[in-house]
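See below for the structure under consideration.
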Amino acid sequence: MIVPALLLLVSIIGTVIATSQPVWGDLVLLAGPSAIASAILVRREARVWLAGQSRRSARGAVVIDGSNVMYWWGGTPSIAPVQDVVRTLTQLGFKTGVVFDANAGYLLTNAFKDDAALAAMLKLPVDQVMVVPSGSPADPYILTAAREMGAVVVTNDRYRDWAEDFPEVLGHGHLIKGGYRQQKLWFDFATVSDAHNAA
């Protein structure tokens, strides 16, 4: 898209010079058609790019149960699997948000970590990461966020205790399992349309 855009810019400059300077009047015969042709190319390239963006954003939103995912690698709390999940789902075109229990920072670093600190560890904007208030379970926050965003939830938790208030957890495709097999991240996208079965 850069080449057609540069050609359009040069053609417009040539047309302006040709119409404002009588000496360069013949230049309009070349610059005018070039401007029209490059404008068509720029428009076509822009449409292709926007279509690609639309396909990438069409996958929708995912709420990641950070306190569940941080145990996916060997059963010991680590930020690495959460980083891996965020990076992979973002590359697959999902808009990601991560919710942690209040004690996540203690489990990861032996110190409290707030939204901003965990967002920095995940290289995400702070508005995409939430640490729930101390004494509150993360589950209802995760499920409420998913409901409000029309998102699926990446977790190995089944949320059975919350099924009465959030019956969507019983539906196919709302909760996406994952983990590592032979050191490779996988997701069970089998029930979610237009998604890859594995990372």
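The values are calculated or read from the model by the stated rules, or taken from the named source; none is laboratory data. The structure presented is a predicted model; accordingly, all values stated were derived computationally and were not measured. Quick reminder, even Gly has a Cβ in these numbers, built from the backbone with ideal geometry, and neighbours come from all protein chains shown. Accessible surface is based on the protein model in full, side chains and every heavy atom, while ligands, DNA and RNA are left aside. Shrake-Rupley method; radii C 1.70, N 1.55, O 1.52, S 1.80 Å.
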Next on the checklist: Given the criteria part of a loop (DSSP other than H, G, I, E, B) and either within 30 Å of Arg181 (Cβ to Cβ) or modelled with pLDDT of 95 or more (or both), does Gly74 qualify?
Outcome noted: yes
Checklist entry - Where residues in region 14-31 are modelled with pLDDT under 70 and within 44 Å of the chain's Cα centre (by Cα), which of them is surrounded by the most Cβ atoms within 10 Å (Cβ to Cβ)? => result Ala31
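Hey, among the residues in region 142-169 that are within 25 Å of Leu92 (Cα to Cα), open to solvent by 80 Å² or more (accessible area, probe 1.4 Å) and of a type outside the set (Asp, Glu), which one's farthest from the chain's Cα centre (by Cα)?
Let us first name the residues in region 142-169 that are within 25 Å of Leu92 (Cα to Cα), namely 142-158, 168-169.
Right, trim to open to solvent by 80 Å² or more (accessible area, probe 1.4 Å) and you get 147-149.
Filter once more, keeping what is of a type outside the set (Asp, Glu): 147, 149.
On the way: Arg147: 18, Met149: 13 Å.
Among those that are within 25 Å of Leu92 (Cα to Cα), open to solvent by 80 Å² or more (accessible area, probe 1.4 Å) and of a type outside the set (Asp, Glu), it is Arg147.
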Checklist entry - Restricting attention to region 87-95, does a residue exist that is of a type in the set (Phe, Trp, Tyr), surrounded by 16 or more Cβ atoms within 10 Å (Cβ to Cβ), modelled with pLDDT of 90 or more and in contact with a Pro (Cβ under 6 Å, 6 or more places away or on another chain)? => result no
Next on the checklist: If I filter region 55-68 for residues that are modelled with pLDDT of 95 or more, polar (S, T, N, Q) and either touching an Asp or Glu at 6+ places or on another chain (Cβ under 7 Å) or over 17 Å from Tyr180 (Cβ atoms) (or both), do I get at least one hit?
Outcome noted: yes
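If a residue counts only when it is of a type in the set (S, T, N, Q), which helices (runs of 4 or more DSSP H) contained entirely in region 98-150 have at least 1 such residues? Steps first, answer last, please.
On the way: elements: 104-109, 115-122, 139-149.
It comes to 104-109, 139-149.
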